[in-house]
Amino acid sequence: MDQNSITINGHVYQFRPGQTILDVAQENNIDIPNLCHLKGTRATGACRVCIVELEESWGKKLVSSCSSPAKNGMVVHTESPEVVQYRKFYIGLMLDSGNHNCDIGASADESWTDFQIEAMENEQKEELCPVWGDCELQALAYRYQVKGRVSGRHREPVKVPIEKDNPFIIRDMSRCILCGRCVAACNELQVNQAIDYGFRGTNEKIVAGTGNTLMTSSCVFCGECVQVCPVGALIPTKAFRDDRFVPTSTVRTTCSFCGVGCQMDLHVQNNKIVKIDGADRDLPPNNGMLCVKGRYGFEFVGAPDRLTTPLIKKDGKQVPASWDEALDRVAEKLTEIKQKHGADAMGVLTSARATNEDNYIAQKFTRAVLKTNNIDHCARL
Ligand code: SF4
Ligand code: SF4
Ligand code: SF4
């Protein structure tokens, strides 16, 4: 057998030193479910959902694939009966740990379908989790048919005050599964150190700042934690209670707020942007991350008071005009100024939010047509 080769589900794959079993599987499109893994951060093994079975000389062994280095000659099974049994148990424990009312054990078996249909038909229903249909834990509960209540505990609704005192992020820790992705994203990817684990034992939860709110922490509302949260514990305020069952398309584009050129995915419903996420983790320059402007500053795109036609001043009032009329007026005024005061009496302000191509054309127009070097950009948002 080649050096640095590993067998997964009967097929042999090569790996590079330092790769984990999960890395090798993902690189070869083998699906190992996980809820705490976050590319580019240290593995925590917190959720245990990524367990796989290793064939050892003395028998079988279950390990977390996200934190186990690939070793030469390893034989791995990702969906053996034991793996599935334990995976179901851990998924069930997470469902039991909080206010998760959507798994298949949320209601008695005979009324479960009625509950789901009723919830889908009534968007404003209190019981309906805001990420219903867009939740990694829910998807796994369905995939592995987990009924919850694996711990044998009676499931009481978890009462945790919902934090919504900031304009961007709603925190509902009753749905937190303590996967730790938000902490890793905040501290290791964005390096903002706004949140961390707090308290001990069964009281453990994610805390923020002195008053345990994002507003009292060093949070800059980049929303990275929201993007990586696998459940409905962190949700964007703007998308809260938006119509989740309307078809949504995704459009890859470049952020127009500054010159970095971050790649982003727009989530669009009825030709309206409802949410923005950073694009792929492997895609430079932002590797899936965004700042507060790129992620949350999108309402201007469809703002009702946005100018959609040029305005020119007539009798002291701004009135709508055609493009031909407006451009003729600008050309006439610029010519007049140039003749009276010279080219350097004029200047052009462009914008960091325009495209490179538009800014290039603007400087060409300024230098070659107006004959002045007075061109700059306004970086204010
Ligand atoms: S967070 Fe996920 S698992 Fe929990 S109730 Fe919401 S959709 Fe269901
Ligand atoms: S919004 Fe950004 S800074 Fe604030 S807690 Fe989340 S990751 Fe950290
Ligand atoms: S808030 Fe979300 S990302 Fe953070 S630990 Fe809880 S479930 Fe995980």
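Figures for the structure shown
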item	result
Filter pass, VAL220 being in a helix (DSSP H, G or I) and out of contact with any His (no Cβ under 6 Å at 6 or more places or on another chain)	no
Where a residue in segment 150-176 is among the polar types (S, T, N, Q) and its partner, wherever it lies, is modelled with pLDDT under 90 and surrounded by fewer than 17 Cβ atoms within 10 Å (Cβ to Cβ), with Cβ under 6 Å and at least six apart	SER174/VAL158; SER174/VAL160
Among the candidates ARG306, ARG295, residue that is more than 29 Å from VAL369 (Cα to Cα), at pLDDT below 95 and charged (D, E, K, R)	ARG306
Segment 181-209 - residue that is touching a residue at least 24 places away in the same chain (Cβ under 8 Å) and either assigned to a loop (DSSP other than H, G, I, E, B) or over 20 Å from the mean Cα position of the chain (by Cα) (or both) and, of those, nearest to ligand 1 (Cβ to nearest atom)	LYS205
Evaluation of LYS60 against (1) over 27 Å from the mean Cα position of the chain (by Cα); (2) in a loop (DSSP other than H, G, I, E, B); (3) of a type outside the set (A, V, I, L, M) (one fails), failing number	(2)
In segment 341-359, the residues that are surrounded by 11 or more Cβ atoms within 10 Å (Cβ to Cβ), modelled with pLDDT of 95 or more and in a helix (DSSP H, G or I)	ALA343, ASP344, ALA345
Complete set of residues in segment 210-235 that are without any contact (Cβ under 8 Å) to a residue 40 or more places away in the chain and among the small types (Gly, Ala, Ser)	GLY211, SER217, SER218
Residues located in segment 155-197, provided they are among the polar types (S, T, N, Q) and either closer than 19 Å to ASN34 by Cβ or within 12 Å of ligand 3 (Cβ to nearest atom) (or both)	SER174, ASN187
Filter result for the condition that a residue is outside any helix (DSSP H, G or I), closer than 18 Å to TYR144 by Cβ and at pLDDT below 95, over ASP31, ASP103	ASP103
Search result, residues across segment 290-340 that are within 30 Å of GLY223 (Cα to Cα), assigned to a loop (DSSP other than H, G, I, E, B) and in contact with a strand residue (DSSP E or B) (Cβ under 7 Å, 6 or more places away or on another chain)	LEU290, PHE298
Breaking point among (1) at pLDDT 95 or above; (2) away from ligand 3 (no atom under 13 Å from the Cβ); (3) under 30 Å from ASP358 (Cα atoms), for GLY223	(2)
In segment 201-220, residue modelled with the lowest pLDDT [restricted to those that are out of contact with any Leu (no Cβ under 9 Å at 6 or more places or on another chain) and β-branched (Val, Ile, Thr)]	THR202
Filtered residues of segment 274-300 (kept if among the hydrophobic types (A, V, I, L, M, F, W, C) and surrounded by 17 or more Cβ atoms within 10 Å (Cβ to Cβ))	VAL274, ILE276, ALA279, MET289, LEU290, CYS291, PHE298
Residue check, LYS238 touching a strand residue (DSSP E or B) at 6+ places or on another chain (Cβ under 8 Å), free of Cβ contacts under 8 Å to residues at least 60 places away in the same chain and surrounded by 12 or more Cβ atoms within 10 Å (Cβ to Cβ)	no
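The values are calculated or read from the model by the stated rules, or taken from the named source; none is laboratory data. Here the structure is a predicted model, which means the values were calculated and not measured. Every residue, glycine as well, gets a Cβ built from its backbone with ideal geometry; the counts of neighbours run over all protein chains shown.
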